[in-house]
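The values are calculated or read from the model by the stated rules, or taken from the named source; none is laboratory data. Not measured: the values here are computed from a predicted model. Here the Cβ is made from the backbone with ideal geometry for all residues, glycine too, and neighbour counts use every protein chain on show.
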Amino acid sequence: MSRPRPAPPTATDLPAIDSLRCFVAAAEHLNFRTAARALALTPAAVGQRIRLLEEQLGATLFARTTRSVRLTDAGLSLLPRARACLGEAAACVRVVRGEDDPPPIELTLGTRFELGMSWIVPTLPRLAAALPRVTMHLFFGSGQEIVDRLRSGLVDCAVTSAKIDDNRLLAERLHEERYAFVGAPELLQRTPLERPEDVPRHVLLDIDARAPLFAYFRGAPGAPALPRFGGHRWLGLGAAVKVQVLAGEGVAVLPLYMIEAELRAGRLRRLFPAVALLIDYFRLLYRDHDPRQSVYRALAAELAQTPIS
């Protein structure tokens, strides 16, 4: 029959730092008077604290005679642990006072796939150099998924341009995000899209059924009221929408950073070019109760200096 495990020690069972300090000094000098002088205490005070420590631990730490003091087996076992404990206590003070190197930090950053691959991943070496004590992990997901994970603590921070109305989340603005309503020239040559009445002959491509990308055109000042599109397909990722637009499978609103090269090369053409689409901002989000807020602000400052590509 196995013996029951002893209960874990409570706060009153644990030795005080002062008692451990007196024990270590007495163990190193093997003379209570010398230890007392080193600690700027009276010999009586040192002896009292060591007796209290022995009572708490239920063990005799020193074998004393009128001529000598030596450590018992229990004292010899305690000495290296007591020294380590005092060293950790001193390190706690140094960290709080800013006198010691801060501990390493591991962060998981949530981001959309296309933004992460084109911008965050190439920026990792710069972030590692600027924030050497931070190890960065990445999670790729949809905009809503990364925000849900942030709220539940499954990621530590997130980069998104989605509008978040949640006072539990703080945001650092990173970069302006502009959009363009585009289609492939071959498609537009076959089926022009220049007037609202042309819209029913086209398929609108977006990332989900709510058409969040098209909202940047629909809500823009001066945007014409358009009839229903002939079809609506959602593809989950902006990168997938871009591939299908280039293939002539439909028209879409896309972030400008994703399609600037294609616009310059003539592989995509702007639709209703006189309309200035709404703009948005990439933000770094993090939880308001997270104690690492200074780290997130430093991370945001580095990301803000890195152009989106």
When only residues in segment 286-308 that are polar (S, T, N, Q) and part of a loop (DSSP other than H, G, I, E, B) count, which is surrounded by the most Cβ atoms within 10 Å (Cβ to Cβ)? Thr306
Could you please let me know if Ala25 is surrounded by 13 or more Cβ atoms within 10 Å (Cβ to Cβ), within 18 Å of Ala89 (Cα to Cα), under 46 Å from the mean Cα position of the chain (by Cα) and not β-branched (Val, Ile, Thr)? yes
Taking segment 111-142 as the region of interest, how many residues are within 25 Å of Ala209 (Cβ to Cβ), charged (D, E, K, R) and assigned to a helix (DSSP H, G or I)? 1
Complete set of residues in segment 45-77 that are touching a helix residue (DSSP H, G or I) at 6+ places or on another chain (Cβ under 8 Å) and aliphatic (A, V, I, L, M): Ala45, Val46, Ile50, Leu52, Leu53, Leu57, Ala59, Leu61, Val69, Leu71, Ala74
Just need a number here: residues in segment 233-246 that are at pLDDT 95 or above and either among the aliphatic types (A, V, I, L, M) or surrounded by fewer than 15 Cβ atoms within 10 Å (Cβ to Cβ) (or both). 4
Subset of segment 157-171, residues crowded, with 17+ Cβ neighbours inside 10 Å and under 20 Å from Ser118 (Cβ atoms), comes to Cys157, Ala158, Val159, Thr160, Ser161
Does Arg233 meet the test of being within 16 Å of Asp206 (Cα to Cα), more than 33 Å from the chain's Cα centre (by Cα), in a loop (DSSP other than H, G, I, E, B) and not polar (S, T, N, Q)? no
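Residue-by-condition table, conditions (1) within 29 Å of the chain's Cα centre (by Cα); (2) surrounded by 17 or more Cβ atoms within 10 Å (Cβ to Cβ); (3) free of Cβ contacts under 8 Å to residues at least 60 places away in the same chain; (4) assigned to a loop (DSSP other than H, G, I, E, B):
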{"residue": "Gln144", "(1), (2), (3), (4)": "yes, no, yes, no"}
{"residue": "Val147", "(1), (2), (3), (4)": "yes, yes, no, no"}
{"residue": "Val155", "(1), (2), (3), (4)": "yes, yes, yes, yes"}
{"residue": "Leu204", "(1), (2), (3), (4)": "no, yes, yes, no"}
{"residue": "Phe217", "(1), (2), (3), (4)": "no, yes, no, no"}
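The rows are residues; the columns are (1) closer than 30 Å to Pro291 by Cα; (2) without any contact (Cβ under 8 Å) to a residue 40 or more places away in the chain; (3) in the same structural domain as Pro291 (by TED's automatic domain parsing); (4) not in a helix (DSSP H, G or I).
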| residue | (1), (2), (3), (4) |
| --- | --- |
| Ala27 | no, no, no, no |
| Ala35 | no, yes, no, no |
| Gln56 | no, no, no, no |
| Ala63 | no, yes, no, yes |
| Arg70 | no, no, no, yes |
| Pro80 | no, yes, no, no |
| Gly87 | yes, yes, no, no |
Matching residues in segment 236-259 - criterion: being among the β-branched types (Val, Ile, Thr) and assigned to a helix (DSSP H, G or I): Val241, Val243, Val245, Ile259
